[in-house]
Amino acid sequence: MGAKYFGASVRRREDPRYLRGEGRFVDDIKLPGMLHAAFVRSPYAHARITAIRTEPARALPGVAHVYTFADLERWMKPLPLFGAIPPGLSARVAVTMRQVGQLAMCRDEVRHVGEIVAMVLAGSRALAEDAAERVQVDYEPLPVLADVIAAAQPDAPVLYPEWGDNIALSFRTGFGDAEAGLREAHVRVRERFTIPRYVGMPIETRGVIAQWDPRDGTLTSWNGTQVVHFVQQGLVAALGLPPHKIRVIAPDVGGGFGTKANGYPEDLLIPAAAIASRRPVKWIEDRREHMMGSAHARAQVHDIEIGARRDGTMLAVRDRIWVDLGAYNSWGIVLPYNTVAHLLGPHRVPSLDVECLGVVTTKTPNAPYRGAGRPETVFAMDRIVDRLARALGMDPADLRRRNYLTEADMPYELHIPYRDGNPLVYDSGDFRAGLEAALAAVDYPALRAEQARLREQGIHRGIGISGYVEGTAIGPYEGATVRLDPSGHAVVATGACCQGQGHETSFAQIAADALGIPLEWVTVVGGDTAAIPFGVGTFASRSAVNAGSSIHEASGRVRDKIVAAAAALLEASPADIEVSDGAVSVRGAPGSATPLAAVIRAATPTFARPGVTELDFEATVYHHQPTVTYTSAVHVAVVDVDTGTGAVTLRRYLVAHDCGKIINPVIVEGQIHGGVAQGVGGGLLEEMVYDEQAQLLTGTFMDYLVPTAMELPDIETVHLEYPSPRNPLGMKGIGEGGAISPPAAIANAVEDALASFGAKVTRTPLGPSVVLGLLGES
Amino acid sequence: MKPAPFEYAAPRSLDEAVGALAGGGGDAKVLAGGQSLIPMLALRLARPTLLVDINRLPGLDGIREASGMLEIGALVRQRALERWAVSRSPLFAEVLRHVAHPPIRNRGTVVGNVVHADPASELPAVLLCLEGVVVARGPRGERMIPADRFYRAPLTTALGPDELATAVRFTLPPAGAGWGFAEVSRRHGDFALVGAVAVLARDGNGTLGPARLAFFGAGGTPVRATAAEQALTGQAPTPERIREAARAAAAGLSPDGDIHATAAYRRRVAATLAERTLTAALGRCGGPR
Amino acid sequence: MTHSIRVTVNGQEHARAVEPRQTLADFLREDLDLTGTHVGCEHGVCGACTVLLDDEPVRACLMLAVQADGHRITTIEGVAPADGGLHPIQEAFWARHGLQCGYCTPGIVMSTCAFLRERPQPSREEIREMLAGHLCRCTGYHFIVEAIEAAARALAPPPPRRP
């Protein structure tokens, strides 16, 4: 296979429509007779519903229906749960887990602010909102759980009485003898670090439209989701229809970041309302609903301790982790175990002892967001590594140099299983090389010299380093069907869903190369359950490897069929057939070039003759990916801190990374930039803030602060390439990576800048008020 | 997130507008740029029964500079003042680039910002610092409300429910005066956590003429630091004296805490910014205003 | 009660009756089917709905449709030339990977149109300050800044010929 497109920065094929305003997002779809939904949402964090009066809302002109739990009860099965413990994991780690599925509409109890209590359908969204205000709900407030540590205490009020406490998940794992490692260590440091709630916050909110066709009993739902097949499965369970009667389509989706990979009440409520009302129903989440109703993320506390020899050699890490799950443990093992599996990252540490608690609170449920446990765990680890460097009197770069794994260590096994139950074995990479590349690119010695010079002028500059290793491309599979049309153009259908990552381009690059046709001949279809029956979806940096490998393999099979037909047509040996640029030819026979369309025509039966081969230029492959590929990176942040105001200015940000073989370099770079921006948000600006009554205080974009172009510098990138042996094209996932290290790198830089004050950074975001507080009363 | 229903009137004369406001019985709101009002409508935090849109009123879109006063009509967009200021007032140019973002400033009016009375907004503090007045028109005619009697509480002013602010007037700093402006915000264009604006002039003897200093984001209203101003006026401007005046000014503030900054932070940083703005103003004395 | 309005959008005049509470953004999207103007927050922060009102960028969510009576509006659908090509700004965003999901893009393109008219040779810092009125969650802005620089170069008049 010639790689004509793979590895090239091909311009994105989806861009012209977006640039002309011709994208088609859920909110752009209009159906005849469509009703608009608005929800009545709980103003309480935890309360019993004692009465709901819908009559005043029903009485409003233009209102079609008002539904409560009782009205839709036949469809109100608990929402799907994720994160079951795979056998390979349960064999090695004893996990206690409890999961209760959320009801799409509250029956008699609300467990977080924003949970849905009733639904109004009306002729316009404005009318639906007018009516929703008139629904009267009587609540009897119940005890709230606003703080994760307090909620984990034995005397805390209990959210699910049948559990007896609020611990939805607990396990302890590790390897080696951490107790002995810490005992033998010359230096031990310990700290409690808090990673706040911050979230994906796509600029397009969620949205669902559903249409029920009573003639053939089919339901079509347009949903701005990252996981059409999961949404379909949820609807199958709730509606009792076979999957082929339920078509879920994710049209153009305006960013996802994991937020849209969650299962949501509205995924079911809007289809149920369409069936109940026999009208198409549309719901577009508004930004306020998004703040309280779409999944939150991060929200962890780590009590971490590290021990090392005097020369900096790390001996042991011990960590106790609290994950604030919010009101429902919908994601099971995923976030807690991701956190644990990625704690040590690029470091060689001979022993680990970690205990992890997943705790329910009366807040919006926690779900994976770009990094999913990794930014949190990297924050704890890289902060404690910097503390260790300080305690040892070592430069933090030197301490990492001493402990980072190299290519000679690969494959490297961490002696705990990965989240998929398979052994946690780094497949390839050289983390120390990544570190050196990053340090060289920023000219680390010069940065340190400049820092000292500026300090004399009263300017507090800080340099922060953070490194991670990330299991990407989690399986178990994704699929693709590749088929040619009569002209030899190809349609690639995959279960991967795109939210801006450029699938229509990257996947076409893979297919065009493997088929031997021009890129322009490939149409990629994702996010449609009617296009392919089985699928997982796009999250966890998984689509390039899982869907990309499927497309590569399926395209190869279609090419074999082309070759067979061409060999028959041209009376040559299949081994001598070349396919390139949409034409076939016999090797060494110029003039034999035949357009692909002619080959397909030859395979098409006529009255006079059968086809030269079967008329079949289609193949489906479900690529099995038993375990992950390991992406890695080192980030360097340079900040200035204004000690008069606490304002932090991010001066420079550099990423040196390895994601294996790259399909489209400019798309990869864009993924890194975007991830970094979200990580910088977590480091400096973003937090979902609750008060002690578990009331959400960040209800708008004026309170929840997404970084703008003024808070971000240019982002420098250095590419390293260590192909993964775990898929045919040597790829690794890159979607999340950029977001993992910035909070740690920035926190390390701020503490470095303020070292002379003895400032101790233990949480983000590092807004000016927090930073000034670190300086004490000086 | 759609506004609750309301009636809409677009009067063509001032009298008609004032009449419509009076007829609204306190539940009418003036719509000018709408950049603060419309979000509150969308969030249903404001629920007027009537919006009186003054955008069609004639004669309110002028910027006039005369005899040391700068008068700005009620329909002058912030962007228009910003463009005017580029060549004429570095102070206003600097202040306005901190007011939200260009698409907001293209609609948002100077007068609307001043009368919205967000305590963390820049222009009300500038009005206070420059001893401005608000020109108000009501059923009983026109009156001038000096800035230091205009602000009463967050989003609350001396303007009656049936009164319309038709203009604001700033007293331009005297020739040779210097200015300083500084704020801390979470992001560029956000409301300030705390900020300060200062104007200083030197008299002939190397001492200071009248000094002016005002804070925003430092309490329920913009605050003028009168005592600190007096402590500086007529004195030699040493760094120590400026620092002391800045500290004294900040010590008199009673800011609030919120999710973005504590009250203690605001008080402490008010002192820093006062010192910085006063020092900057001193450095600019003799330069362009 | 509805009000009659007459607006010119992308050069075409429309007469409609609107409810006072309808925003310009909703009017463009629902009444005129111009869905390229995107709604991201409905409270004026994200900038996705930015359109040109008499050639100046404004938030279409912070203006009532009834206020647009008698005005000229340009939306993203009115930017590209009629021949099916792209405007140089759109072309630069494409060439420089200045967009990912495309949701914030129309608003940014509209602001850029006005910005480059007023400031044809902006510095990177000026570009960033203008861009700060728009939230993009995908790109980290870096390639948007580069796209706007490239657009400025593309739109610059050719250097005068030597005699």
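Checking A:Thr649 against (1) on the phi < 0 side of the Ramachandran plot; (2) touching a residue at least 12 places away in the same chain (Cβ under 8 Å); (3) more than 10 Å from chain C (Cβ to nearest Cβ): exactly one of these is not met. Which one? With respect to (1) on the phi < 0 side of the Ramachandran plot; (2) touching a residue at least 12 places away in the same chain (Cβ under 8 Å); (3) more than 10 Å from chain C (Cβ to nearest Cβ), A:Thr649 is out only on (2).
Here is a check on your reading of the model: is A:Tyr704 in a loop (DSSP other than H, G, I, E, B) and either in contact with an Asp or Glu (Cβ under 6 Å, 6 or more places away or on another chain) or of a type in the set (Ser, Thr, Tyr) (or both)? Judged against the criteria, A:Tyr704 is a match. Looking only at the range A:692-711, decide whether some residue is facing chain C (nearest Cβ under 10 Å), surrounded by fewer than 24 Cβ atoms within 10 Å (Cβ to Cβ), more than 22 Å from the chain's Cα centre (by Cα) and free of Cβ contacts under 8 Å to residues at least 12 places away in the same chain. Yes, some residue in the range A:692-711 is facing chain C (nearest Cβ under 10 Å), surrounded by fewer than 24 Cβ atoms within 10 Å (Cβ to Cβ), more than 22 Å from the chain's Cα centre (by Cα) and free of Cβ contacts under 8 Å to residues at least 12 places away in the same chain. Just a yes or no: is a residue in the range C:54-77 at the interface with chain A (Cβ under 10 Å from one of its Cβ atoms), farther than 25 Å from C:Arg16 by Cβ, under 15 Å from the mean Cα position of the chain (by Cα) and outside any loop (DSSP other than H, G, I, E, B)? No. Among the residues of the range C:79-88, just one is more than 9 Å from chain A (Cβ to nearest Cβ) and closer than 14 Å to C:Thr112 by Cα, namely C:Pro88.
Consider A:Arg192 carefully, then state whether it is away from chain C (no Cβ under 14 Å), outside any strand (DSSP E or B), farther than 30 Å from A:Gln499 by Cβ and out of contact with any helix residue (DSSP H, G or I) (no Cβ under 8 Å at 6 or more places or on another chain). In short, no. Does A:Ala441 satisfy the condition of being surrounded by fewer than 24 Cβ atoms within 10 Å (Cβ to Cβ), small (Gly, Ala, Ser) and under 18 Å from A:Leu654 (Cβ atoms)? Yes, satisfied. For the range C:2-25, does any single residue satisfy the condition of being farther than 21 Å from B:His101 by Cβ, at the interface with another protein chain (Cβ under 9 Å from one of its Cβ atoms) and within 15 Å of the chain's Cα centre (by Cα)? No, the range C:2-25 contains no residue that is farther than 21 Å from B:His101 by Cβ, at the interface with another protein chain (Cβ under 9 Å from one of its Cβ atoms) and within 15 Å of the chain's Cα centre (by Cα).
Filtering A:Val761, A:Val750, A:Val771, A:Val718 for residues that are within 14 Å of another protein chain (Cβ to nearest Cβ) and either touching a residue at least 24 places away in the same chain (Cβ under 8 Å) or under 23 Å from the mean Cα position of the chain (by Cα) (or both) leaves a single hit, A:Val771.
With respect to the conditions (1) outside any helix (DSSP H, G or I); (2) within 14 Å of chain B (Cβ to nearest Cβ); (3) surrounded by 24 or more Cβ atoms within 10 Å (Cβ to Cβ), C:Gly102 falls short on a single one, namely (2). Within the range A:217-262, the residues that satisfy the criterion of being more than 15 Å from A:Pro533 (Cα to Cα), surrounded by fewer than 22 Cβ atoms within 10 Å (Cβ to Cβ) and touching a residue at least 40 places away in the same chain (Cβ under 8 Å) are A:Leu219, A:Ala237, A:Leu239, A:Pro251.
Condition check ((1) more than 9 Å from every other protein chain (Cβ to nearest Cβ); (2) of a type in the set (A, V, I, L, M)) across all residues:
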| site | (1), (2) |
| --- | --- |
| B:Ala246 | yes, yes |
| B:Ser254 | yes, no |
| B:Ile259 | no, yes |
| B:Thr262 | no, no |
| B:Glu275 | no, no |
| B:Thr279 | yes, no |
| B:Gly283 | yes, no |
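Quick one: would you say A:Gly675 is touching a helix residue (DSSP H, G or I) at 6+ places or on another chain (Cβ under 6 Å), within 12 Å of chain C (Cβ to nearest Cβ) and in contact (Cβ under 8 Å) with a residue 12 or more places away in the chain?
yes
Applying the set (1) in contact with a Phe, Trp or Tyr (Cβ under 6 Å, 6 or more places away or on another chain); (2) within 8 Å of chain A (Cβ to nearest Cβ); (3) surrounded by fewer than 24 Cβ atoms within 10 Å (Cβ to Cβ) to C:His43 leaves exactly one unmet item: (1). Residues A:Pro728, A:Pro743: which one is more than 14 Å from chain C (Cβ to nearest Cβ), within 26 Å of the chain's Cα centre (by Cα), of a type outside the set (A, V, I, L, M) and not in a loop (DSSP other than H, G, I, E, B)? After applying the criteria, what remains is A:Pro743.
Checking each residue in the range C:148-163 for being surrounded by fewer than 17 Cβ atoms within 10 Å (Cβ to Cβ) and either part of a loop (DSSP other than H, G, I, E, B) or not hydrophobic (A, V, I, L, M, F, W, C) (or both) picks out C:Arg153, C:Ala156, C:Pro157, C:Pro158, C:Pro159, C:Pro160, C:Arg161, C:Arg162, C:Pro163.
Let me confirm something: among B:Pro90, B:Pro102, B:Pro48, which residue is touching a strand residue (DSSP E or B) at 6+ places or on another chain (Cβ under 8 Å) and at the interface with chain C (Cβ under 10 Å from one of its Cβ atoms)? Explain how you work it out, then say what you get.
Values: B:Pro90 fails: at the interface with chain C (Cβ under 10 Å from one of its Cβ atoms); B:Pro48 fails: at the interface with chain C (Cβ under 10 Å from one of its Cβ atoms).
Among B:Pro90, B:Pro102, B:Pro48, only B:Pro102 is touching a strand residue (DSSP E or B) at 6+ places or on another chain (Cβ under 8 Å) and at the interface with chain C (Cβ under 10 Å from one of its Cβ atoms).
When the range C:105-147 is filtered for residues that are assigned to a loop (DSSP other than H, G, I, E, B), more than 7 Å from every other protein chain (Cβ to nearest Cβ) and charged (D, E, K, R), only C:Arg119 remains. The residue that is nearest to B:Gly180 (Cα to Cα), counting only those in the range B:263-276 that are surrounded by fewer than 24 Cβ atoms within 10 Å (Cβ to Cβ) and either modelled with pLDDT under 95 or in contact with a Pro (Cβ under 9 Å, 6 or more places away or on another chain) (or both), is B:Arg267.
For the range A:70-116, a tally of residues being of a type in the set (A, V, I, L, M), more than 20 Å from A:Ile275 (Cα to Cα) and touching a strand residue (DSSP E or B) at 6+ places or on another chain (Cβ under 9 Å) returns 11. The conditions of being assigned to a loop (DSSP other than H, G, I, E, B) and closer than 19 Å to A:His65 by Cα are met by A:Arg279. Taking the conditions exactly as written (under 14 Å from A:Thr645 (Cα atoms) and charged (D, E, K, R)), does B:Arg241 satisfy them or not? No; evaluated as a whole, the condition is false for this residue. In the range B:166-187 there is at least one residue that is within 14 Å of chain A (Cβ to nearest Cβ), touching a residue at least 12 places away in the same chain (Cβ under 8 Å) and aliphatic (A, V, I, L, M). Within the range A:4-22, the set of residues being out of contact with any Leu (no Cβ under 6 Å at 6 or more places or on another chain) and farther than 21 Å from C:Gly36 by Cα comprises A:Lys4, A:Phe6, A:Gly7, A:Ala8, A:Ser9, A:Val10, A:Arg11.
The values are calculated or read from the model by the stated rules, or taken from the named source; none is laboratory data. Please read these numbers as outputs of a predicted model, since none were measured by experiment. No Cβ is skipped: glycine too gets one built from the backbone with ideal geometry, and neighbour counts run over all protein chains shown.
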